[in-house]
């Protein structure tokens, strides 16, 4: 008996208006028609729309990203793959990347953040690596904005739910508040994985006739045009975009992780790529593109979640927890057996073809027949106009000297250490499993997290950093300082910086002032990376972070991985023993320009920020690593937001419970000494004998070094300026976030 | 000593238990797959933590029906040593090997932090506690959504009376207090044993604190119960 042939519904007609509805400009539509020599079909147009979206094509950013240093003796894979890969010796490599999930997390914070974590985890394990750590950098609006509590709670529970279930520890990250994120929070998630160098897998299709296999969850209607949504501004209708946010299933992803790693032990996988943004479209096109082959897909073989889905929906669905792989012909059943063992869908959905075309069939009809190139390198490249933002000079000219102190030093320190950006993040990271995998040597709360690598003496130091206020005042300098701060944080636990990933969050690139910020920030990142010998190996750009025309502070987040050769030499931030001497490496006086002090006490952003001396940063890092290696340094903590007084309070609170007495007279205004900020400064503790050695070493290296005082008692006292009990500081520090989340 | 570590879909502390059993206890660990009925002649079993079957229904509720659990229950009933940690503890209560249930934490959030627990048993009461004096306070990490121990008053009285409460949440100094009880567990219960003492379940993770490098070796005392 033959089933009655039901003709597939005809695809809608395509024109400029339909293209605009999918996010393509009339010029881009014309370019598509020109490149393929005809009018595209409806599904074909949808594929162009997502492949050419800002999110997938980097069309506004690529001309600038090309300037990054991306190579180095340890770099095995730089940008362009699913994640960057850096060798750490012993035949092992570290795979890492940071990615944004800003727009989805604003529309639906829990699922948006959860699927952001799920996506970046897949990017890492698709390369053969087992994920060993997660980090995240979160930016929210003003603490008292009516949506902040809801968004923060949802994002934190979403990040936690996914990583916790996957059994990947979330070991570090950042959290900041600023009114510019009121309508556009940022969720940047980073995953770090470990892979034997000879077992690295790439997202490439090779071998004509090899089967293309689909693994994981079924395809549903969720997330269609998610990548396009993430490439537009928010407006009144944003709430209606909720259906473009995917729903995560970390349990299925955990199975997918284990099944993929097991399947990768065989020699049956030729290439593999996760289905993230733009789903089946992006994975198919990118695998064909990298392998210089064609791919034939039969949509009738794709496992579907619901009946009646049309090719357009299947090709654009962003259903989570799916992978596409190319297998060695003849070994399909071997792979299917492994995925079935893990109770996962696995089916052959196509094959690698000769030539350069992606052909998609549905119910016997060819619905897509496109050359690969126009979809990928054919995407438009925009060198968009740039102009320095108006009013920037007025911000620089802010008269800091005229601002009053706003209270006694003790009052100001208490105010700062409990303020939204400086208070303890315990409420956040206690919701993240940070000890699973039993590798966490330094968890959240310090300068950088440290995870050891079992079977070796090595450990990795991980951090994410950026101070968007500095970037707003001077994008080039602020971005360079983000790299410098990350390198300092990594050095504070004894690690040498290996490489960075970046997540560049900016406003609407069609506005010249935003594009100017972007270009300047990329230049600054590149300058610092070159000076510090740290290549950029992966990254992500998130533009259009605007709501009703108002952009965020430019936020180029830097995720850095550092290496500790011998985990016995790992450092820490907190003071350890009574009687130890406290030293400051770097300049004593900071600047109030762009500082937390200026933000908290005066609600202002302005001034000329001090410049980073990158050569000195390098020397500082070497001195810290040497100090840990030869046992002269007991603790080291970066002096960042909040300045020296806040850094000293943190050294006490993160330590063994001892306080400190400081003797240092102000050379200039007291606020600049206590709360001023500047790069290149680290608070160190050491025994008295070792402190003398350190002073000599610093002098030899040309680094300013001065004795600040002693570790002792249960107060933090700055002679002549303030005296506060650690109990008071701890209460205020721990209570700051609770006041915002209402816990 | 051959130690079997059960692997459910969604287990995520299986490798950690494997590592701790080998390194902290010098045991010979093997994995036991949830679809199998084969116990591989193990001398003891660990049911590890994680999110078995995603814990979408109720923590541990699905895992108890898996083929391997039939064998684990039979093994325990024959007197075999079984340790359940976190999700493993939840599975052991669901499968009836241990009394009580684990409910959502009192703050309704996942909670990962160090806690202090006090041993309530004479060392001889279970093979796992033979290196731990009664009253000794151990520091261990927790990481769970559903760790609030619950049983009816009658059951709790019986557990008290028969010495089945193995660990209670306490302050660092060893005192029972509201603030020392992280998840709202009734009578601050962090772990219980069965009547015979061959089955023990607890929410804190001994396998995560069994090494000096991780800053805490208190958990090794429990794991080492397997070594002799």
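The values are calculated or read from the model by the stated rules, or taken from the named source; none is laboratory data. In this text the structure is predicted, and so the values were computed from the model without any measurement. Methodologically, a virtual Cβ is constructed for each residue, glycine included, from the backbone with ideal geometry; neighbour enumeration extends over all protein chains shown.
Would you call residue A:471 away from chain B (no Cβ under 14 Å), modelled with pLDDT of 95 or more, within 24 Å of residue A:524 (Cβ to Cβ) and surrounded by fewer than 24 Cβ atoms within 10 Å (Cβ to Cβ)? Criteria not met by residue A:471. Residues in segment A:197-215 include none that are within 14 Å of another protein chain (Cβ to nearest Cβ) and either out of contact with any strand residue (DSSP E or B) (no Cβ under 7 Å at 6 or more places or on another chain) or at pLDDT 90 or above (or both). Considering (1) under 23 Å from residue B:13 (Cα atoms); (2) over 13 Å from the mean Cα position of the chain (by Cα); (3) crowded, with 21+ Cβ neighbours inside 10 Å; (4) more than 14 Å from chain A (Cβ to nearest Cβ), the lone condition that residue B:110 does not fulfil carries the number (4).
So that you can scan it fast, the table gives a plain yes or no per residue for (1) touching a helix residue (DSSP H, G or I) at 6+ places or on another chain (Cβ under 7 Å); (2) surrounded by fewer than 15 Cβ atoms within 10 Å (Cβ to Cβ):
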site: A:17; (1), (2): no, yes
site: A:22; (1), (2): yes, no
site: A:36; (1), (2): yes, no
site: A:44; (1), (2): no, no
site: A:54; (1), (2): no, no
site: A:79; (1), (2): no, no
site: A:90; (1), (2): no, yes
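Scanning segment A:325-340 for residues that are surrounded by fewer than 16 Cβ atoms within 10 Å (Cβ to Cβ) and within 14 Å of chain B (Cβ to nearest Cβ) yields A:337, A:340. Among the residues of this structure, residue A:366 counts as one that is surrounded by fewer than 17 Cβ atoms within 10 Å (Cβ to Cβ) and part of a strand (DSSP E or B). The residues listed here are A:337, A:365; of these, the one that is over 34 Å from the mean Cα position of the chain (by Cα) and without any contact (Cβ under 8 Å) to a residue 60 or more places away in the chain is A:337.
Within the set A:596, A:548, A:578, the sole residue that is surrounded by fewer than 24 Cβ atoms within 10 Å (Cβ to Cβ) and at positive phi turns out to be A:548. Working only within segment B:1-14, note down all residues that are more than 12 Å from every other protein chain (Cβ to nearest Cβ) and either modelled with pLDDT of 95 or more or touching a strand residue (DSSP E or B) at 6+ places or on another chain (Cβ under 6 Å) (or both). Correct list: B:2, B:3, B:4, B:5, B:6. Out of curiosity, is residue B:138 part of a loop (DSSP other than H, G, I, E, B), away from every other protein chain (no Cβ under 14 Å) and either within 15 Å of the chain's Cα centre (by Cα) or crowded, with 23+ Cβ neighbours inside 10 Å (or both)? For residue B:138, the condition - part of a loop (DSSP other than H, G, I, E, B), away from every other protein chain (no Cβ under 14 Å) and either within 15 Å of the chain's Cα centre (by Cα) or crowded, with 23+ Cβ neighbours inside 10 Å (or both) - is not met. Of all residues in segment B:194-212, those being out of contact with any helix residue (DSSP H, G or I) (no Cβ under 8 Å at 6 or more places or on another chain) and more than 14 Å from chain A (Cβ to nearest Cβ) number 2.
Restricting A:136, A:164 to residues that are farther than 14 Å from residue A:420 by Cβ, more than 14 Å from chain B (Cβ to nearest Cβ) and either buried (at least 22 other Cβ atoms within 10 Å of the Cβ) or without any contact (Cβ under 8 Å) to a residue 12 or more places away in the chain (or both) narrows the list to A:136.
Restricting attention to segment B:15-24, does a residue exist that is part of a loop (DSSP other than H, G, I, E, B) and either modelled with pLDDT of 95 or more or facing chain A (nearest Cβ under 10 Å) (or both)?
no
Listed by position, the helices (runs of 4 or more DSSP H) enclosed by segment A:77-170 that each have at least 1 residues that are more than 18 Å from the chain's Cα centre (by Cα) and at pLDDT 95 or above are A:148-166.
Kindly establish whether residue A:621 is closer than 30 Å to residue A:404 by Cα and either at pLDDT below 95 or buried (at least 19 other Cβ atoms within 10 Å of the Cβ) (or both). Criteria not met by residue A:621. Within the span defined as segment B:41-58, every residue fails to be assigned to a helix (DSSP H, G or I) and either closer than 21 Å to residue A:454 by Cβ or more than 14 Å from chain A (Cβ to nearest Cβ) (or both). For segment A:261-282, enumerate the residues that are within 20 Å of residue A:81 (Cβ to Cβ) and either within 14 Å of chain B (Cβ to nearest Cβ) or in a strand (DSSP E or B) (or both). Listed by number, the residues that qualify are A:261, A:269, A:270, A:271, A:272, A:273, A:274. What about residue B:75, is it more than 18 Å from residue B:129 (Cβ to Cβ), free of Cβ contacts under 8 Å to residues at least 60 places away in the same chain, more than 13 Å from the chain's Cα centre (by Cα) and within 14 Å of another protein chain (Cβ to nearest Cβ)? Answer is no for this residue. Total residues in segment A:545-596 satisfying the condition of being away from chain B (no Cβ under 14 Å) and not in a loop (DSSP other than H, G, I, E, B): the figure is 20. Residues of segment A:639-693 that are assigned to a strand (DSSP E or B) and within 17 Å of residue A:409 (Cα to Cα): A:660, A:661, A:662, A:677.
If you go through segment A:385-440, how many residues are away from chain B (no Cβ under 14 Å) and within 25 Å of the chain's Cα centre (by Cα)?
5
Checked against (1) in a helix (DSSP H, G or I); (2) modelled with pLDDT under 95; (3) within 30 Å of residue A:292 (Cβ to Cβ), residue A:355 passes all but condition (1).
Please work out if residue A:322 is touching a residue at least 40 places away in the same chain (Cβ under 8 Å) and buried (at least 17 other Cβ atoms within 10 Å of the Cβ). When the stated conditions are applied, residue A:322 passes them.
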